[in-house]
Amino acid sequence: MQGKRFLIVILLLAAVTLCSQAGRAASFQNGDFGIGPSFTDPFITLYNGDTSITGWTVTGHSIDYIGTYWQAPPGATRSIDLDGLGQGGIQQTFDTISGAQYQVRFYLAGNPDGAPSTKNILVVSWGTPAAYSFDASGATLGNMGWILESFTFTAEGPSTTLQFNSQDSGYYGPALGGVNVSQIPLPATALLLGTGLLGLGLLGFRRKKQD
C-alpha cells in the first residue's frame with residue numbers, strides 16, 4: 001500500500017509539472033523600455049547600477065536611454081544605445097521554469113553617428129552566449145534599419161538573467177529595442193503523457209481499494 005501511494009504521488013507531481021510548464025508565462029517586463037525616467041532631451045545617459053528603467057539594471061559603464069533622438073523600433077517609443085559615455089549593457093532577471101524552453105526576440109540596430117560602422121553585441125542567458133552584429137554604415141537617425149533577431153534557451157532554474165552587452169568601446173554602440181521573452185508551449189503529446197500517467201495511477205489506486 002505504501003508503495004502504491006508513493007507511485008501515485010510521483011504521478012501527480014509529474015502531471016502537475018507538465019501542466020504548469022504549458023500554461024505559465026515568464027514574468028518578464030518592460031521589454032520595449034517604455035516605462036522609465038521622464039526626460040525632455042532626445043536622450044539621457046544612465047550609469048552602472050541604475051534601475052530607473054523598470055525591470056532593468058544598467059551594467060558596464062553606461063547606456064543612453066533614447067527618446068526622440070532616432071527612429072524607434074517597430075511598436076516602441078524608446079530604445080537603448082548600449083554605449084553611453086563608455087561600453088555598457090543592460091540586464092533583467094525574471095521567473096522561469098527549470099527545463100522549459102523560451103524564445104527571446106529583440107530588435108537590433110546601431111548608432112549611425114560614429115565608428116565603428118559594425119556594432120557588436122553579446123547576449124547572455126542560459127547556455128552559450130550568442131554574438132550579434134549590425135552594419136550601421138547605411139543607417140540614419142530617421143531610418144535606423146532595425147532588424148529582428150531571435151534565439152531560444154532552456155531554463156536551468158527558477159529564474160534567468162538575460163543580459164545585453166556592448167562589445168564596442170566608445171560612444172556609438174549597438175542599439176537595442178523591442179525585447180520579448182515568451183515560453184514555448186510543450187507539445188500536445190507531452191501533456192497527453194502526463195495526464196495519461198495520472199489516469200493510470202488513479203485507476204490502479206481504485207482497483208487496490210476494491211480488492
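Side notes on the structure shown:
- Lys/Arg +1, Asp/Glu -1 at C-beta; the range 25-185 dipole; positive extreme among Asn180, Asn48, Gly60: Asn180
- As a calculated quantity, the FRET efficiency between Ala130 and Thr40 at R0 = 41 Å, using C-beta atoms, amounts to about 0.70.
- Label point distance in nm, Gln29-Ser182, each placed 7 Å from Cα along Cα→Cβ: 2.1
- For the range 25-185: relative contact order, % (alpha-carbon pairs under 8 angstrom, 6 or more apart): 31
- What you get for the range 25-185, charging only the Cβ of Lys and Arg (+1) and of Asp and Glu (-1), is a dipole of about 220 debye around the Cα centre.
- Net lengthening on full extension, Ser117/Thr54 (0.36 nm per residue, minus Cα-Cα): 19.7 nm
- Integer Hz, Karplus 6.51/-1.76/1.60 couplings in order for the range 69-81, x for Gly and Pro: 4, 9, 4, 6, x, x, x, 9, 10, 10, 7, 10, 9
- Cβ-based net charge around Asp83, under 10 Å, with every Lys or Arg adding one and every Asp or Glu removing one: -2
Computed from the coordinates by the stated procedures, all read-outs in this text should not be read as laboratory data. Because the structure is a prediction, the values reported are computed rather than measured. As a convention, Cβ positions derive from the backbone with ideal geometry for all residues, glycine included, and neighbour counts pool all protein chains shown.
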